[in-house]
């Protein structure tokens with residue numbers, strides 16, 4: 001399923017996973033890549049169920065295309081740097097750093113999509129618990145990568 | 001004149017363009033006053049600080065508000081497609097724009113039609129689009145960090161988010177990744193690879209490395225890559241030869257750390273204030 005914005009993909013993923021439908025966020029096949037996009041992969045047998053759920057939520061995709069070759073997989077590796085008083089996690093091209101004692105987000109770096117400066121302005125200076133989640137206010141793959149770094153920091157800091 | 005193109009994270013800002021100024025620590029452009037703490041305004045602030053020291057070049061900026069939906073980016077792309085031929089710029093730097101291959105191709109086509117083709121520098125989202133378009137070699141500079149270099153070296157990845165793990169794992173093999181990026185035509189004529197050591201590359205040859213002074217905390221500071229690209233753009237606009245500009249920019253960016261004594265919590269605006277001092281030393285000490 002192809003949507004106009006990455007943020008719609010993320011909302012759709014949340015909705016469908018909430019209904020325990022077997023979906024995965026993946027990279028689009030080469031013939032429909034535009035530059036900053038995600039798609040939702042699902043088994044064809046679930047199409048009717050999924051369409052019904054999305055229709056009820058008013059979230060129908062732009063298009064649905066069949067795929068035969070494996071799709072690109074989002075990055076799932078993290079690099080962790082321990083600065084002593086600070087901890088930094090990198091996911092793909094995005095890095096988030098927190099102060100160990102207060103769990104305040106002190107910096108966000110990396111990335112190249114236009115929501116990165118916006119996400120930084122909304123999150124830096126807030127604690128991991130109080131900051132808005134990148135998946136809720138981001139719109140791009142860099143925003144999604146930052147969500148992964150944020151989740152890894154929450155996991156490591158027991159938030 | 002130097003042209004700098006990008007976005008600001010404020011959707012109230014429409015497409016604006018004109019000569020840029022730095023006034024009381026804020027960017028002044030088309031009667032707007034914009035903070036310089038991250039993104040393209042940080043790049044512009046670094047370039048403007050450097051231009052103060054170098055006594056030029058003039059800087060012309062094209063910006064629009066965009067929080068990631070791409071609306072502002074598309075207005076910038078449309079402006080460039082129609083107007084770039086009218087800009088009298090010797091250097092043109094592309095920065096935080098939503099990667100969009102179709103728009104990238106329209107912009108590059110318009111640039112190629114300019115009476116005098118400027119030196120082209122691509123960073124951030126526009127660099128991603130340039131690589132994905134298969135036209136990386138049309139550019140004079142890419143300025144990737146280690147993660148983005150792995151993306152350039154991965155012929156399959158349309159965005160750093162999809163860089164395959166076995167390539168990401170090689171981040172300590174910088175030279176191998178550089179060669180791989182060139183083998184697949186996914187690199188510009190020059191690269192400045194930002195990292196623990198900065199690699200300056202010309203046509204698949206590492207021509208210089210810059211490793212000192214070293215402040216590991218700077219990796220955590222959002223915007224240090226933007227300031228490096230701003231310095232590079234300004235030095236190229238001031239007439240420095242590309243490799244000399246890259247070495248001086250990488251050195252000056254590190255020296256900002258020396259003067260600002262950074263921690264991982266330092267904000268980039270504090271580093272920008274140190275640019276005149278840092279650039280003075282980098283230019284003074286550069287190899288003959």
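Across all directions, the shadow cast by the convex hull of region A:6-57 built on its C-alpha atoms averages 3.7 square nanometres.
Can you compute the modelled spin-label distance between residue A:159 and residue B:202, with each label point 7 Å from Cα toward Cβ, in nm? Label-label distance for residue A:159 and residue B:202, simple model: 4.6 nm.
Would you mind classifying chain A by shape? Square roots of the alpha carbon gyration tensor eigenvalues, ordered a ≥ b ≥ c; an a/c under 1.5 is rounded, otherwise it is prolate if a/b is larger than b/c and oblate if not. Because a/c hits 1.5 or more and a/b exceeds b/c, chain A counts as prolate. On the beta carbon distance between residue B:243 and residue B:138, with R0 = 22 Å, the FRET formula returns roughly 0.70. Calculated [222 nm] ellipticity per residue, helices only, for chain A: -10000 deg cm²/dmol; basis is -39500 (n - 2.57) per DSSP H run with n ≥ 4, divided by all residues, nearest 500. Between the helical axis of A:141-156 and the longest alpha-carbon principal axis of chain A there is an angle of about 50 degrees. Among B:5, B:107, a tally of other beta-carbon atoms within 10 Å of each Cβ gives an order, fewest to most, of B:107, B:5.
Across every direction, the projection of the convex hull enclosing the Cα atoms of the protein assembly as shown has a mean area of 20.4 nm². By the helix-only formula, in which each DSSP H run with n ≥ 4 contributes -39500 (n - 2.57) and the sum is divided by residues, chain B has a 222 nm mean residue ellipticity of -12500 deg cm²/dmol. The overall shape of region B:147-211, judged from the alpha-carbon gyration tensor, is oblate: a/c is not under 1.5, and a/b is no greater than b/c.
Kindly express, to the nearest 10 degrees and within the range 0 to 90, the angle between helix A:6-18's C-alpha long axis and the longest C-alpha principal axis of chain A. The angle comes out at about 80 degrees. Here the contact order of region A:78-156, divided by its residue count and restricted to Cα pairs under 8 Å and six or more residues apart, works out to 28 percent.
Would region B:215-288 count as rounded, prolate or oblate if I go by the C-alpha gyration tensor, calling it rounded below 1.5 in a/c and otherwise prolate when a/b exceeds b/c, oblate otherwise? It comes out prolate by the Cα gyration axes. Placing a pseudo-label 7 Å from each Cα along the Cα-to-Cβ vector at residue A:129 and residue B:82 gives an inter-label distance of 5.2 nm. Tell me the relative contact order for region A:27-159 as a rounded percent, counting alpha carbon contacts under 8 Å between residues six or more apart. Once normalised by length, the contact order is 19 percent. When each of B:1, B:132 is scored by the number of other beta-carbon atoms lying within 10 Å, the sequence from fewest to most is B:1, B:132.
Relative contact order, whole percent, for chain B stands at 19, derived from Cα pairs under 8 Å and 6 or more residues apart. Counting only alpha carbon atoms, the long axis of helix A:47-57 and the longest principal axis of chain A meet at about 60°.
Every read-out reported here was derived from the displayed coordinates using simple, explicitly stated rules and does not represent laboratory data. It should be emphasised that the depicted structure is a prediction, and the values quoted were computed from it without experimental measurement. Heads up, the Cβs are rebuilt from the backbone with ideal geometry, glycines too, and the neighbour counts pull from every protein chain shown.
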